[in-house]
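Quick notes on the structure that follows.
The values are calculated or read from the model by the stated rules, or taken from the named source; none is laboratory data. Only a predicted model underlies this, so the values are computations on that prediction, with no experimental measurement involved. No Cβ is skipped: glycine too gets one built from the backbone with ideal geometry, and neighbour counts run over all protein chains shown. Side chains included, ligands, DNA and RNA excluded: accessible areas come from the protein's heavy atoms. Shrake-Rupley method; radii C 1.70, N 1.55, O 1.52, S 1.80 Å.
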Amino acid sequence: MTEKTLNTLEYYKIIHKLEDYATTTLGKKQCHELKPMTDIKEINEALSETTDAANRIRLQGPLSLSGARDIRGSIKRLEIGSSLGISELLSIQVLLTAALRAKNYGRKAEDTLTEEDTLTPLFNSIEPLSPIAKELSRCILSEDEISDDASSKLKQIRRSMGSINGRIHAQLNTLLNTHRSQLQEGVVTVRNGRYCLPVKVEYKGQFQGMVHDQSSTGSTYFIEPMAVIKLNNELRELEISEQKEIEIILAKLSQEVGQYTEELLVNLETLSKLDFIFAKALLSRDYKGTAPIFNTKGYLHIKDGRHPLLDPKKVVPTTIYLGDKFNLLVITGPNTGGKTVSLKTTGLLTLMGQSGLHIPAFEGSILAVFKQIYADIGDEQSIEQNLSTFSAHMTNIAPILQKADSDSLVLFDELGAGTDPTEGAALAMSILSFLHNLGVRTMATTHYSELKVFALSTEGVENASCEFNVETLSPTYRLLIGIPGKSNAFAISKKLGIEDHIIETAKSFIGKQEKDFEDIISELEVARAEVEAEQEQIAIYKEEAKRLKEQLDKQKQELDRRKEKILTEANDQARQILQEAKETADKSIRQINKLGVSGGLTKDLEAERSKLREKLNETDKRAQKVRAPHKKHKASEFKIGDSVRVVPLGIKGTVDTLPTAKGTLYVQMGIMRSQFHIKDLELLSESTISGPSGKIDSYSKGSTSKIRMSKSLSVSSEVNLIGMTTDEAIATLDKYLDDAYLAHLGQVRVVHGRGTGALKNAVHNRLRHLSYVKDFRLGSFGEGNTGVTIVNFDTASK
């Protein structure tokens with residue numbers, strides 16, 4: 001890109017802003033030297049780095065590299081074996097501190113990023129050299145001070161210096177008090193590195209010591225008292241020793257640092273590049289920029305682009321596209337309407353994008369890679385060169401016509417202006433036709449109506465205009481592609497107070513063809529405004545429809561949620577009812593078994609069955625409220641041996657009798673046999689089960705096995721009593737052992753823990769009194785040891 005183009009499009013103003021975001025000297029230098037690139041691969045790599053840095057800033061905040069200095073000179077001296085000064089070593093220490101911060105910043109990003117980005121290799125290449133940095137930090141306090149702890153000898157020398165300083169000041173204070181009348185002031189001063197007293201000139205001969213200086217008036221002599229000369233000499237010797245020890249320390253430190261010159265150089269280059277990349281990201285954040293998509297086909301589509309140097313609160317976003325269906329865009333319209341801003345925005349955003357910078361435009365904007373961008377914007381008159389506006393334009397345009405090709409972007413502002421309108425318009429059309437035939441992407445602003453007609457009648461050329469509000473006499477700065485602009489000179493003049501008769505006379509001077517053309521443009525403008533208004537109304541309707549749809553979706557989701565909640569509550573309630581029925585049935589079965597063992601007490605058995613039937617009827621009434629709907633069957637569909645589900649109880653059984661005229665029949669459910677109405681029964685799609693002779697007893701055995709199998713699937717082989725009281729544990733144990741025994745479990749584990757042994761003793765005592773318990777023992781290794789009891793059931797009694 002030519003320097004003239006970069007200056008015309010104000011590219012360097014962007015670069016100056018970019019430099020402000022860099023914190024290191026070399027980072028600012030890279031920003032200052034940034035130029036647009038023409039290799040699409042390099043451009044995309046630079047944009048990826050900017051995007052990745054912007055993402056890291058969004059997740060972690062900016063990267064701080066403040067304080068890092070250019071140490072290339074120090075590195076060269078280290079490479080030839082020279083010793084560095086305090087400030088040079090301090091600069092290296094500051095650089096290593098910044099390197100450590102950058103390294104930690106990169107490591108922190110690893111926890112938030114889903115995958116490595118383009119900056120990961122840069123962060124990985126940093127070597128903080130922590131031992132060297134700590135040693136430098138321990139020895140160097142500031143640019144002119146070495147720490148006392150840098151060496152034991154230095155510490156001893158400075159301790160001795162402090163002691164002698166104390167003795168000197170004590171001696172001088174004594175002299176101040178005893179010779180106050182002979183002194184000009186009661187203070188101790190330093191001359192040539194020696195402590196002195198300001199003695200009046202008349203007492204010079206009476207004051208023993210060495211004269212080091214005299215005041216400008218000659219009234220005061222600065223004399224080193226004889227009493228402190230020896231002490232001052234000792235102090236001076238210690239200062240020399242101190243300096244020598246400091247030089248030894250600096251040489252040692254330089255030797256240690258000199259082993260890592262390569263790492264230091266890599267750190268410097270890496271931190272400088274990171275500073276440059278993060279400066280680009282910070283500029284993007286300031287401009288609310290996005291990464292453009294580049295192509296080599298000459299197509300650009302800037303979506304809601306904003307000129308970055310205009311006030312972001314006032315600038316109006318504009319959409320510009322070029323290079324697809326047309327490669328020449330002619331922009332017309334009144335002055336101050338935004339035509340020149342559209343040209344500069346297109347050119348500057350292209351330069352920024354090709355420099356690896358984000359552009360202030362909407363996500364997904366497309367830019368083309370141009371080898372050259374040529375711009376003739378503003379008259380740029382030169383008084384010294386004695387050039388007019390027209391001559392200045394032609395001077396700029398001549399080399400453009402010689403060099404422009406299909407890989408160029410050309411921007412003309414007020415093409416053909418500054419001369420006779422007829423000749424200017426003809427020359428402008430000729431220039432544009434020449435560039436159009438070469439396939440050059442071109443944008444030109446003009447006031448000439450002839451160029452509007454040229455754009456309408458030439459394929460690959462498109463009109464555009466900057467919208468202007470005649471009522472307020474102000475531009476809207478919107479670029480309208482496809483619509484030629486109107487100068488609005490008459491309307492503006494009338495608004496500004498020009499009388500009607502003058503305007504009417506002016507209109508009479510315009511030819512009919514031109515007038516008709518302007519009328520067509522006005523009609524197009526009105527039609528466009530109406531279409532836009534209708535589109536806005538349609539957009540409002542769409543938004544309202546979308547809002548109503550979302551509202552209905554939310555209502556549907558709420559209804560589904562309530563329905564789910566109601567069903568869940570109903571299922572929970574039904575489950576509770578069935579659990580109560582199950583417990584009642586279990587209790588009755590145990591009671592019936594006990595009665596059966598003790599002898600055929602038919603009366604007692606019948607009483608227990610009646611009691612169970614009453615309980616089931618009560619449960620049936622409660623379950624009616626939460627019962628799920630089921631298929632109704634006719635009486636003729638039921639046959640003896642059919643598998644059915646008793647809906648109120650949720651238990652499977654087998655039809656034992658045919659339905660009566662009232663629709664009732666008996667159902668065998670294991671050892672229980674009860675009467676139900678066919679409306680409470682649901683036929684199952686199982687095969688009819690019957691014994692060889694069709695007798696119920698033959699089926700009952702299989703049905704009981706089914707119930708027991710279901711029971712065994714639901715009963716665990718272990719019960720945990722830890723944390724319960726003895727009474728709670730025994731009750732839980734009884735219930736569990738009954739269930740396990742009925743489920744035909746051969747062996748179970750009772751977990752009671754070790755503790756004090758009280759719970760274990762209570763469990764064992766209870767097990768001794770249960771007839772269906774064959775034996776029990778404490779668990780062995782791998783079974784829980786003494787915290788578990790293994791119980792074996794007496795299977796012979798089942």
(request) Considering only region 642-658, state which residues are farther than 14 Å from Glu682 by Cβ and crowded, with 18+ Cβ neighbours inside 10 Å. (result) Asp656
(request) Please enumerate the residues belonging to region 188-232 that are on the phi > 0 side of the Ramachandran plot and either open to solvent by less than 20 Å² (accessible area, probe 1.4 Å) or outside any strand (DSSP E or B) (or both). (result) Asn192, Gly193, Gly218
(request) Return only the number of the condition from (1) open to solvent by less than 30 Å² (accessible area, probe 1.4 Å); (2) touching an Asp or Glu at 6+ places or on another chain (Cβ under 9 Å); (3) modelled with pLDDT under 90 that Glu110 does not satisfy. (result) (1)
(request) Could you figure out which of (1) surrounded by fewer than 20 Cβ atoms within 10 Å (Cβ to Cβ); (2) modelled with pLDDT of 90 or more; (3) more than 45 Å from the chain's Cα centre (by Cα) isn't true of Leu154? (result) (1)
(request) State all residues of region 765-774 that are in a helix (DSSP H, G or I) and in contact with a strand residue (DSSP E or B) (Cβ under 7 Å, 6 or more places away or on another chain); if no residue qualifies, say none. (result) Leu767
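Here are some residues: Thr442, Thr419. Which one is touching a helix residue (DSSP H, G or I) at 6+ places or on another chain (Cβ under 6 Å) and modelled with pLDDT of 90 or more?
Criteria check complete, one pass: Thr442.
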(message) Filter region 320-339 down to the residues that are β-branched (Val, Ile, Thr) and open to solvent by less than 50 Å² (accessible area, probe 1.4 Å) and list them by number.
(response) Ile320, Val330, Ile331, Thr332
(request) Examine region 171-185 for a residue that is closer than 22 Å to Leu238 by Cα and surrounded by 16 or more Cβ atoms within 10 Å (Cβ to Cβ), and state whether such a residue exists. (result) yes
(request) Output the qualifying pairs, or none if there are none: Cβ atoms under 7 angstrom, residues six or more apart or on different chains, first residue in region 718-736 and within 13 Å of Val748 (Cα to Cα), second residue among the hydroxyl-bearing types (Ser, Thr, Tyr) and surrounded by fewer than 16 Cβ atoms within 10 Å (Cβ to Cβ). (result) Val719/Thr732
(request) Quickly run through region 436-447 and pick out the residues that are crowded, with 22+ Cβ neighbours inside 10 Å and not polar (S, T, N, Q). (result) Val440, Arg441, Met443, Ala444
(message) Please determine whether any residue of region 294-307 is open to solvent by 50 Å² or more (accessible area, probe 1.4 Å) and either free of Cβ contacts under 8 Å to residues at least 12 places away in the same chain or among the aliphatic types (A, V, I, L, M) (or both).
(response) no
